[in-house]
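J.: Quick one: the structure is below, questions incoming.
The values are calculated or read from the model by the stated rules, or taken from the named source; none is laboratory data. These numbers were taken from a predicted model, which means no experiment stands behind them. For neighbour counting, all protein chains shown are included, and Cβ atoms are generated from backbone atoms with ideal geometry for every residue, glycine included. Please note that ligands, DNA and RNA were not included when accessible areas were found on the heavy atoms of the full protein model with its side chains. Shrake-Rupley method; radii C 1.70, N 1.55, O 1.52, S 1.80 Å.
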Amino acid sequence: MNKQIPSFEEVFGQLLPVAKQMQTQFQEQVQQLFSGAIPSLPVSEHTPNLLGSVGPFMTSVMSAFQHSLGKVPLNSLSQLQSEYATEFSALLSSAFSSMPNVGEETGKHVSLDEWISDDKRFASTDWRDHGIYELTAALYSLNAKYTRKVAELMPAEGREKRQIDYAIEQFVDAMSPSNFFVSNPEAQKRLLETKGESLTLAIQNLLGDLQKGRISQTDESAFEVGVNVARSEGEVVFENALFQLIQYKPLTEQVGQIPMLFVPPCINKFYILDLQPANSLVRYVVEQGHTLFLVSWKNPTQEEQALTWDDYIEHGVIKAMDVVKKIRKQPRLNVLGFCVGGTLLATALSVLANRGDDSVNSVTFLTTLLDFEDTGALGVFVDEEQVRAREETIGNGGLMLGKDLASAFSSLRPTDLIWNYVVSNYLKGEKPTAFDLLYWNSDSTNLPGPMFCWYLRNTYLENNLCEPGKVEVCGEPVDLGLIDMPVYVLATREDHIVPWQTAYRTTQYVSGDVRFVLGASGHIAGVINPAAKNKRSFWRNDNLPDSAQQWLVEATEVPGSWWNDWAAWLEDKKGKLVKAPAKAGNPTYKPVEQAPGRYVKARI
């Protein structure tokens, strides 16, 4: 049977009333806010679930918001209402140039543009070409400002305060007039210029994303793992139910006798470390004369739903270390852990120390938390209620879905990682551009429920890892003080996932000789800062005072990439130079397939 495609007029006629209704809801919610009521997120049975599993969390936190609002002194709310009224009058004065602004003794006029000039969502001249759109954007900015001010008055503290701030940001960002067709002049202009084609493309984008279950942030058809990302040459030399072990092809005639093992995070794919040759940390390390091995975690399915944290330590990290030593016939190795990979690695090192194994020659932690007292932006999702709910549903078996993890991460920057693409994909009908970093970001991974629940409770919720003997892993008490080899710790100054001040505390727990380095930029850009480009800078201070802030005061800023500093630190730790291996593996561990292997190619 042939399906008839709806005409432009039919679809537009259905969308316009919905958009108007959304705008009306926004105006009503602002009015409710300043009459003492709590705004609620607009929900419709036809509204896509943009935040995945964050939804129930948001409902819980908004309830707490309403409870806290009742504790705000009435005189404080009254003062805020008075300030709002004053600024509202000033804004209206800006809208009508014939009227002087309230409080402007000189009678000079402040243009509406100044109310929105700092917001990139309204940067296009289309917002200024028609006064009603500029006024709508300015009113939104004012209302957003005072919504945040209401949140600041609440007596909540600590995690509860961060959760309320997070929920308010979701609400404020969601209600921007740029998100609705009826109040977005850029989308309307594109509709007219394309004679309705942009709407057809927008519908196609929406239907495609509904099938994928996520918002497209890049042109995913432009990339293929192993073809134009994760291209470093090597072979898979071992695999089990948790990971594949890649041995990379040497790029120097001689290599250090002591091999190197990378343990990347299991929450994302490893190829953030090997996106392109020009920014590949994998390639850089091989070029420095290291025989490099890397753990490529399997993307768990129902077959792996019962795996535990202990499994990831014993049959993951420790097994990988054992295979590396046997392949290279070396009693020692250097290791690196990135993000959650670093937390896994530190746990494994404690277990090995308890067993009398001192085979690790040095360890590098990249943007890794071992003390979880201050967990940055991610801490908003973790409380006893949320963790217990996870434990009841997947704690004994099941999967923490990668798309839900991705939604949670995206919601930490909703304007950039959610609404930006809602507007471009679904209002303007634009095709996302090809960007390898965003392709990697969209390549989500599941986690086994038992492993994920253990991690949540013992790190983010209870912060047990940094207390000696508080928890046991693989039958051994965890004690970070047993990590007594040379340690290199990298944190990044603008990291919202691993606050650098918290990462600094690693220096206070381990027993080995520590070098702490602070890189510029954030969680990813600060780590992937190629030495060849030598951009940005990093901070060095060989003294390690108790206070992270005191460390920074005494630190020296060094221009360029931290990669060079790390390579120099590693140089005398790779052992004497020997002839590079002619082939990967050995008779016991024979090559299975070419890098990057099939585990990393499994998408969800």
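J.: Over the chain, what relative contact order in percent results from Cα pairs under 8 Å that are six or more residues apart?
T.: Working: 1066 pairs, mean separation 104.6, N = 604.
That works out to 17 percent.
J.: Using the alpha-carbon atoms, what tilt in degrees (0 to 90, nearest 10) does helix 158-174 show relative to the longest principal axis of the chain?
T.: Computed tilt is about 60 degrees.
J.: Amide H of residue 464 versus every other amide H placed in the peptide plane: which residues, excluding those fewer than 5 positions away on the same chain, fall under 5 Å?
T.: 459
J.: Each residue of segment 509-516 in order: what ³J(HN,Hα) in whole Hz does its phi give by Karplus 6.51 cos²θ - 1.76 cosθ + 1.60, θ = phi - 60°, with x for Gly and Pro?
T.: 9, 7, 9, x, 6, 10, 10, 9
J.: Can you tell me the dipole magnitude for the chain around its Cα centre, using point charges on the Cβ only (Lys, Arg +1; Asp, Glu -1), in Debye to the nearest 20? List each step's numbers first, then the result.
T.: Working: 54 positive and 72 negative charges, 351 e Å.
Once rounded to the nearest 20, the dipole reads 1680 debye.
J.: Oh, and also: Sorted by average packing, counted as other Cβ atoms within 10 angstrom per residue and highest first, what order do 504-510, 584-590 take?
T.: Details: 504-510: 19.6, 584-590: 14.4.
The packing order, highest mean first, is 504-510, 584-590.
J.: What FRET efficiency, computed as 1/(1 + (r/R0)^6) with R0 = 56 Å and r the Cβ-Cβ distance, is obtained for residue 89 and residue 252, rounded to the nearest 0.05? Numbers along the way, then the final one.
T.: Numbers: r = 71 Å, r/R0 = 1.26.
Efficiency, from the Cβ-Cβ distance: 0.20.
J.: Consider a paramagnetic label point 7 Å from the Cα of residue 219 along Cα→Cβ; state which residues of segment 415-449 have an amide N under 16 Å from it.
T.: Residues passing the 16 Å test: 425, 429-440.
J.: Run lengths n ≥ 4 of DSSP H only: what is the helix-derived mean residue ellipticity at 222 nm for the chain, with -39500 (n - 2.57) per run over all residues, to the nearest 500? All intermediate terms of the calculation are to be shown ahead of the outcome.
T.: Values: 20 runs with 229 residues, N = 604.
One gets -11500 deg cm²/dmol as the mean residue ellipticity at 222 nm.
J.: With every protein chain in place, what's the accessible area of residue 576 (1.4 Å probe, Å², nearest 10)?
T.: It works out to around 130 Å².
J.: Skipping prolines and chain starts, which residues have an amide H placed within reach, meaning under 5 Å, of the one on residue 444, given they are 5 or more residues away or on another chain?
T.: 604
J.: Right, another one. Name the shape class, rounded, prolate or oblate, that the alpha-carbon gyration tensor gives for segment 89-243, where a ≥ b ≥ c are the square roots of its eigenvalues, rounded holds for a/c under 1.5, and otherwise prolate holds if a/b is larger than b/c and oblate otherwise.
T.: On the way: a/c = 2.91, a/b = 1.63, b/c = 1.78.
It is oblate, given that a/c is not under 1.5 and a/b is not larger than b/c.
J.: Which of the following values of log10 I(q)/I(0) by the Debye sum over Cα atoms at q = 0.07, 0.10, 0.12 Å⁻¹ was calculated from the structure shown: (1) -0.51, -0.97, -1.27; (2) -0.51, -1.06, -1.47; (3) -0.41, -0.86, -1.28?
T.: (1)
J.: List the trypsin sites (Lys or Arg not before Pro) within segment 110-202 that DSSP assigns to loop and that have no more than 12 neighbouring Cβ atoms inside 10 Å. All intermediate terms of the calculation are to be shown ahead of the outcome.
T.: On the way: sites: 120, 121, 128, 145, 148, 149, 159, 161, 162, 189, 190, 195; in loops: 195.
Sparse-neighbourhood loop trypsin sites (Lys or Arg not before Pro): 195.
J.: Can you sort 349, 401 by 1.4 Å-probe accessible area, starting with the largest? It would help to have the intermediate numbers written out before the result.
T.: On the way: 349 10, 401 65 Å².
These residues rank, largest area first, as 401, 349.
J.: Separate question: Provide the percentage of antiparallel DSSP beta bridges, counting only those with both residues in the chain; round to the nearest 5. Don't skip to the answer; put the middle values down first.
T.: Values: 27 of 51 bridges.
The answer is about 55 percent antiparallel.
J.: So, in nm, how far is label residue 533 from label residue 276 when the simple model puts each one 7 Å beyond its Cα toward the Cβ?
T.: 0.8
J.: Still on this structure: On a straight-distance basis, which lysines could pair with residue 573 in a cross-link, Cα separation under 18 angstrom, same-chain partners fewer than 8 positions away excluded?
T.: Leaving aside lysines fewer than 8 places away in the same chain, those within reach of residue 573 are 325, 329.
J.: Okay, next question. When we measure straight from the Cα of residue 189, which lysines land under 16 angstrom away, once same-chain ones fewer than 8 places off are left out?
T.: Once the sequence-local lysines are set aside, what remains near residue 189 is 428.
J.: Here is a further query. Mind checking which lysines have their C-alpha under 24 Å from residue 161, skipping anything on the same chain fewer than 8 residues away?
T.: 71, 145, 149
J.: Right, here's the next one. Which one of 460, 127, 581 has its Cα pushed farthest toward the positive end of the charge dipole of the chain, where Lys and Arg give +1 and Asp and Glu give -1 at the Cβ?
T.: The residue sitting farthest along the positive end of the dipole is 581.
J.: If you don't mind, there's one more thing I want to ask. Sort 326, 428, 319 from largest to smallest accessible area, using a 1.4 Å probe on the heavy atoms of the protein chains. Display every interim value, and only then the final one.
T.: Working: 326 100, 428 35, 319 65 Å².
Accessible-area ranking of 326, 428, 319, largest first: 326, 319, 428.
J.: Contour minus end-to-end for residue 149 and residue 462, with contour as 0.36 nm per residue of separation and end-to-end as the Cα-Cα distance? Show your work: numbers first, answer last.
T.: Working: separation 313, 0.36 × 313 = 112.68 nm, distance 3.10 nm.
Extending this stretch completely gives an extra 109.6 nm.
J.: Once the piece of chain linking residue 355 and residue 123 is laid out straight, how much longer is it, given 0.36 nm per residue of separation minus the C-alpha distance between them?
T.: Full-extension gain reported as 77.5 nm.
J.: Grab the Cα-Cα distance for residue 564 and residue 602, subtract it from 0.36 nm times how many residues apart they are, and report the gain in nm with one decimal.
T.: Details: separation 38, 0.36 × 38 = 13.68 nm, distance 3.36 nm.
Extra length from residue 564 to residue 602 when fully extended: 10.3 nm.
J.: Taking the 0 to 90 degree range and rounding to the nearest ten, how far is the long axis of helix 384-394 tilted relative to the main principal axis of the chain, both from C-alpha atoms?
T.: The helix 384-394 is inclined about 60 degrees to the chain.
J.: Could you pull out every residue, at least 5 positions away or on a different chain, whose amide H is within less than 5 Å of the one on residue 514? Hs are placed 1.01 Å off N in the peptide plane, and Pro or chain starts have none.
T.: 487
J.: What are the trypsin sites (Lys or Arg not before Pro) within segment 515-574 that DSSP puts in a loop, where the Cβ has at most 12 other Cβ atoms within 10 Å?
T.: Details: sites: 515, 533, 535, 536, 540, 573, 574; in loops: 533, 535, 536, 573, 574.
Within segment 515-574, the qualifying trypsin sites (Lys or Arg not before Pro) (loop, at most 12 other Cβ atoms within 10 Å) are 533.
J.: Label points 7 Å out from Cα along the Cβ direction at residue 508 and residue 194: separation in nm?
T.: For residue 508 paired with residue 194, the spin-label model returns 5.4 nm.
J.: Between the helical axis of 197-212 and the dominant principal axis of the chain, each derived from Cα atoms, what acute angle in degrees is found, rounded to the nearest 10?
T.: 40
J.: Between residue 82 and residue 588, how high is the FRET efficiency from 1/(1 + (r/R0)^6) when r is the Cβ-Cβ distance and R₀ = 51 Å? Nearest 0.05.
T.: Working: r = 78 Å, r/R0 = 1.53.
Using R0 = 51 Å, I get an efficiency of 0.05.
J.: Relative contact order of segment 137-199, please, whole-number percent, based on alpha carbon pairs below 8 angstrom and at least 6 residues apart.
T.: Working: 23 pairs, mean separation 17.2, N = 63.
Dividing the mean separation by the residue count of segment 137-199 yields 27 percent.
J.: Hey, another quick one. When only C-alpha pairs under 8 Å and at least 6 residues apart count, what is the relative contact order of segment 287-349, in percent?
T.: Working: 22 pairs, mean separation 20.4, N = 63.
The normalised contact order for segment 287-349 reaches 32 percent.
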